Amino acid sequence: MKAWLILADGTIFEGTSIGKTGRTIGETVFTTGMTGYLETLTDPSYFGQIVTQTFPLIGNYGVIPQDFESRKCHVRGYIVRELCDEPSNFRCGGILNDFLKAQGIIGICGIDTRALTKKLRESGVMNGMIASGTDKCPDVTAALLKEIKDYKIVQAVETVSIKEGEVSSKLRADAPVAKAPAHHIVLWDFGAKANIQRELEKRGCKVTVVSCETSAEQILALKPDGLMLSNGPGDPADNTYIIEEIRKICEFGKLPIFGICLGHQMLALARGAKTSKLKYGHRGGNHPVKDTATNRVYITSQNHGYAVEADTLPSFATMSFFNVNDNTCEGVRYNDIPAFSVQFHPEACGGPHDTNFLFDEFLSMV
């Protein structure tokens, strides 16, 4: 069955339908990861986005639920060059196309993903529509293009976080029970990847996951030893309530804080810095960042469309990492409180373990 990708500038790509049939509109982005398509599909940070995989063959190791970063897909649509329908892996539990259908994800394969990626790099991220289930491409009218252009990601964090008032020790069904935990860590869920919780539990921590709508007072009442600000989707500046609550905890000044991705951005906003949208973002498993203290370069996994503006950092903060490709801020250390944050994902095994040590640094701070 045919399918079409229609971009906001009127560009059309024709391919074959995968997953569910129908129409979906989202922010069209690309990720350069050669593996990890399951983590991408289940990463809440991709909420509202139509994701293009630049690696040409996707689905070759099937579906492995143990590798999911959350309990369901969060992408608005999915684009691949070639979808494997005969996966081979000893852990394989199903075919990717069946998984996409079960999750209600509309996708397209068989298009020139190189040409699409090049367009997004040159023009910047733009909205798009995937349409399938019909015999011909929808008429690209002014009204249709307006509908595509007008799409905006809204209430992203509220949608992917656990529900208001819910306090949980489990982001995942297989979360172990910590015996005589060394530390109690609150994980503030803005769309948290499950592997953040796993990394803390590996180090003997009891992890309590709280909703994005939890107040600073409620978090402090839990008497945690440390606070983890998770990753998540959307524009960080939209989350005014959360930013204000983070500011209150920073004013308390005693609770060690570690922020990742969206958590890094909102912590910076709470401390007076600014964020801005990148032209096409950083998404993939091979992004080099340099440690400003040691000049060592680490390979990192990243997924973000916004960045902290380094020249807006307050006097009590220093940039700890920067991106080797475009010099954007990749980490901040705060000198007046026990807090630091990174833009990349130390839990995502880029390198494959290059920046895992940041969890140990956090617990040393705790």
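The values are calculated or read from the model by the stated rules, or taken from the named source; none is laboratory data. All values reported here derive from a predicted model rather than from experimental measurement. Virtual Cβ from ideal backbone geometry, glycine too; neighbours counted across all protein chains shown.
Values for this structure:
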| item | result |
| --- | --- |
| Pair list, Cβ < 9 Å and 6+ apart or interchain, from the stretch 72-83 residues that are without any contact (Cβ under 8 Å) to a residue 40 or more places away in the chain to residues that are among the polar types (S, T, N, Q) and assigned to a loop (DSSP other than H, G, I, E, B) | Lys72/Thr42; Cys73/Thr42; Arg81/Thr54 |
| Residue count, the stretch 250-263 (criterion: hydrophobic (A, V, I, L, M, F, W, C) and outside any strand (DSSP E or B)) | 5 |
| Qualifying position, being of a type in the set (Ser, Thr, Tyr), in the same structural domain as Phe99 (by TED's automatic domain parsing) and in contact with a Gly (Cβ under 7 Å, 6 or more places away or on another chain), among Thr32, Thr11 | Thr32 |
| Entirely in the stretch 1-50, the strands (runs of 3 or more DSSP E) that have 1 or more residues that are on the phi > 0 side of the Ramachandran plot and at pLDDT 95 or above | 12-19 |
| For Ile260: the one exception among (1) crowded, with 24+ Cβ neighbours inside 10 Å; (2) in contact (Cβ under 8 Å) with a residue 60 or more places away in the chain; (3) in contact with a Gly (Cβ under 7 Å, 6 or more places away or on another chain) | (3) |
| Of all residues making up the stretch 216-249, the number that are in a strand (DSSP E or B) and either free of Cβ contacts under 8 Å to residues at least 60 places away in the same chain or basic (Lys, Arg) (or both) | 1 |
| Within the stretch 59-105, considering residues that are closer than 22 Å to Asn303 by Cα and charged (D, E, K, R), the one surrounded by the fewest Cβ atoms within 10 Å (Cβ to Cβ) | Arg71 |
| Residue list for the stretch 67-98, restricted to those being under 10 Å from Leu38 (Cα atoms) and either assigned to a helix (DSSP H, G or I) or over 19 Å from the mean Cα position of the chain (by Cα) (or both) | Asp67, Leu96 |
| Checking Ile249 against (1) modelled with pLDDT of 95 or more; (2) closer than 28 Å to Glu39 by Cα; (3) out of contact with any Pro (no Cβ under 7 Å at 6 or more places or on another chain); (4) crowded, with 23+ Cβ neighbours inside 10 Å, the condition it does not meet | (2) |
| Total residues in the stretch 124-134, condition on the phi < 0 side of the Ramachandran plot and modelled with pLDDT under 95 | 2 |
| Criterion violated by Lys202 - all others in (1) surrounded by 19 or more Cβ atoms within 10 Å (Cβ to Cβ); (2) within 22 Å of the chain's Cα centre (by Cα) satisfied | (1) |
| Residue in the stretch 102-113 that is in a helix (DSSP H, G or I) and over 17 Å from Glu14 (Cα atoms) present | yes |
| Qualifying positions in the stretch 267-297 - of a type in the set (Gly, Ala, Ser) and either within 16 Å of the chain's Cα centre (by Cα) or modelled with pLDDT under 95 (or both) | Gly281, Gly284, Gly285 |
| Test: Lys206 is among the basic types (Lys, Arg), at positive phi and in contact with a strand residue (DSSP E or B) (Cβ under 9 Å, 6 or more places away or on another chain) | no |
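To keep it simple, each residue is scored yes or no on (1) under 30 Å from Thr32 (Cα atoms); (2) among the hydrophobic types (A, V, I, L, M, F, W, C).
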site: His184; (1), (2): no, no
site: Asp225; (1), (2): no, no
site: Pro256; (1), (2): no, no
site: Val289; (1), (2): yes, yes
site: Thr292; (1), (2): yes, no
